[in-house]
Amino acid sequence: MLFSSIGFLYYFLPLVLALYYLAPAKLKNMVLLGASLFFYFYGEPVFAVLILASSVLGYVHGLWISRCQTQKTARLALVSAVASGLFFLILFKYADFMIINLNRIPGLALPLPGLRLPIGISFYTFQILS
């Protein structure tokens, strides 16, 4: 579903706006989250687990950082959050590039994984990390 498609403009957008304005103040963010996830999954259902896992991982790391008592454990939590957040980005975006360069080593012939790039992975990875 594209932003300029009939389905988005005449069905999805009015429904989401109606739900948003009819929802109590406490549920408005949940309506937007649900609509955003539905829109993402509609466009690329294969990566539904990836965006949910990244979001939950970022949330858990945020809780961990906020509960750290010492600067040392807070740093450890931050490094863990950045490393785990960037793992998915590097895996999907740069795996082929890294293997192509590794295959330049004589005698090495690793197969390319050919992973498809999830829609908006850079955007939501850096949003989660921020």
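Please report, in debye to the nearest 20, how large the charge dipole of the chain is about its Cα centre when each Lys and Arg carries +1 at its beta carbon and each Asp and Glu carries -1 there.
Dipole of the chain, to the nearest 20 debye: 400 debye.
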Per DSSP loop assignment and a cutoff of at most 10 other beta carbons within 10 Å, the chain keeps its longest run without exposed trypsin sites (Lys or Arg not before Pro) at 1-103
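How much length is gained on full extension from L110 to F87, taking 0.36 nm per residue of separation minus their Cα-Cα distance?
Details: separation 23, 0.36 × 23 = 8.28 nm, distance 1.99 nm.
In short, 6.3 nm is gained.
Can you give the relative contact order of the chain as a percent, counting alpha carbon pairs under 8 Å and 6+ residues apart?
Relative contact order here is 19 percent.
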Taking only C-alpha positions in the stretch 28-75, Rg and Dmax in angstrom work out to 14.8, 43
P(r) of the stretch 1-43 over all Cα-Cα pairs, 5 Å bins starting at 0, rounded to whole percent, reads 5, 25, 29, 24, 13, 4, 0
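Give me the Å³ per residue figure for the convex hull around the C-alpha atoms of the stretch 88-130. All intermediate terms of the calculation are to be shown ahead of the outcome.
On the way: hull volume 2.5 nm³, N = 43.
About 59 Å³ per residue, rounded to a whole number.
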Mean Cβ-within-10 Å packing, highest first, puts peptides 119-127, 2-10 in the order 119-127, 2-10
The equivalent-ellipsoid semi-axes of the chain, taken as the square roots of five times the Cα gyration tensor eigenvalues and listed largest first in whole Å, are 34, 26, 8
Per the charge dipole of the chain (beta-carbon charges, Lys/Arg positive, Asp/Glu negative, Cα centre), the residue among N101, G62, F123 reaching farthest to the positive end is G62
Highest GNM mean-square fluctuation among L22, L115, L32, for the chain with Cα springs under 10 Å, belongs to L22
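Only the coordinates and a few stated rules stand behind these numbers; no lab work does. Small disclaimer: the values here were computed from a predicted structure and weren't measured. Every residue, glycine as well, gets a Cβ built from its backbone with ideal geometry; the counts of neighbours run over all protein chains shown.
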